[in-house]
1. Scan the stretch 1-21 and give yes if some residue there is aliphatic (A, V, I, L, M), over 16 Å from V61 (Cβ atoms), out of contact with any His (no Cβ under 7 Å at 6 or more places or on another chain) and open to solvent by 20 Å² or more (accessible area, probe 1.4 Å), otherwise no.
2. Of the residues E37, E53, which single one is open to solvent by 30 Å² or more (accessible area, probe 1.4 Å) and more than 12 Å from the ligand (Cβ to nearest atom)?
3. List pairs: first residue in the stretch 98-118 and over 14 Å from G158 (Cβ atoms), second residue open to solvent by 60 Å² or more (accessible area, probe 1.4 Å) anywhere in the structure, Cβ distance under 7 angstrom, at least six positions apart or on different chains.
4. Quick check: is even one residue across the stretch 15-22 in a helix (DSSP H, G or I) and more than 16 Å from the ligand (Cβ to nearest atom)?
5. Among V122, V107, V85, V71, which is surrounded by 17 or more Cβ atoms within 10 Å (Cβ to Cβ), touching a strand residue (DSSP E or B) at 6+ places or on another chain (Cβ under 8 Å) and farther than 19 Å from N178 by Cα?
6. Could you check how many residues of the stretch 42-75 are of a type outside the set (S, T, N, Q) and part of a loop (DSSP other than H, G, I, E, B)?
7. So which residues in the stretch 40-50 are open to solvent by 20 Å² or more (accessible area, probe 1.4 Å) and within 10 Å of the ligand (Cβ to nearest atom), if there are any at all?
8. Report, ordered by the first and then the second residue, all pairs with beta carbons closer than 6 Å, sequence separation of six or more or different chains, a first member in the stretch 226-243 that is touching a residue at least 12 places away in the same chain (Cβ under 8 Å), and a second member that is among the basic types (K, R) and surrounded by 20 or more Cβ atoms within 10 Å (Cβ to Cβ).
Amino acid sequence: MEKIAIITGASRGIGREIAKTLAREKIKVIANYYNSEKQAIELQKELKQENIEIDIIKADVSKREDVKKLVKFAIEKYGKIDILVNNAGISEYKLFSDETDEDWNRVINTNLYSAFAMCQEVIPNMIYNKSGCIINISSIWGLVGASLEVIYSVSKAGMDGLTKALAKELGPSNIRVNSIAPGAIDTDMNKDMTQEEWKELKEEIPMERIGLPEDIAKCVKWLIEDSYTTGQVISINGGWVIT
Ligand code: NAD
């Protein structure tokens, strides 16, 4: 039977590219979206033209009840979940002293709690099947910290902690857990950057270009095909950050 994958935040950017890449590999994709319904429908139509069917499911993954609904849909329709990609995320750019409890809750719940809740809901099925692949999309800022993005950095470092600890707990159940920590990727998340800022950024990157969603999707595909890599944080950043 074909593999079943849930990808959170899949209507645009990195998540959308992951959804397309996996769907073209004959993996059955359940693409989660929250606000961007129009883009999710466009994605579904685009793949339909290639004779590929995907499911698009609206859910706010920062809320347990929505996470439960999303996972319930997958189990009821397909009976199993083989792959979970925790991709949904938001950024926040603020001086630390201006951050509020609301900012903390919004960013942590969207980026980190969502991964915690998604993992808790899918893992029983993966343990039952003695098979699973979980990929958390974190960030280089979780590795090295970003000025003016403290909460975001905390959330992404938390994801990497989740990855490492869960990998140890779930290895005996044949479930692999890894993080992909992207550098600067050309998506809507960076739409406020000016041309000048992009140019300066490119000059700091040894590979002399900004990353593309495809660079991340290729690594997701590889991690799914692999059978021995677990507990790792793979940073795809053109050499911008080397730890
Ligand atoms: P993006 O803003 O285009 O995509 C983020 C997606 O998450 C959107 O589809 C959005 O609707 C979804 N989302 C946000 N809150 C949600 C919620 N509560 N429930 C469900 N979905 C929700 O940005 P992107 O660049 O494609 O980001 C994807 C992931 O990659 C994020 O986790 C981000 O932190 C990470 N990342 C991006 C970059 C970059 O430079 N673009 C770098 C490092 C890490």
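The values are calculated or read from the model by the stated rules, or taken from the named source; none is laboratory data. The structure displayed is predicted, hence computed values, not measured ones. Because the Cβ atoms are built from the backbone with ideal geometry, glycine has one as well, and the counts that use them run over all protein chains shown. Note: areas computed on protein heavy atoms with side chains; ligands, DNA, RNA excluded. Shrake-Rupley method; radii C 1.70, N 1.55, O 1.52, S 1.80 Å.
1. Yes.
2. The unique qualifying residue is E53.
3. D103/K94
4. no
5. Only one candidate qualifies: V71.
6. 8
7. Answer for the stretch 40-50, where residues must be open to solvent by 20 Å² or more (accessible area, probe 1.4 Å) and within 10 Å of the ligand (Cβ to nearest atom): there is none.
8. T230/R176
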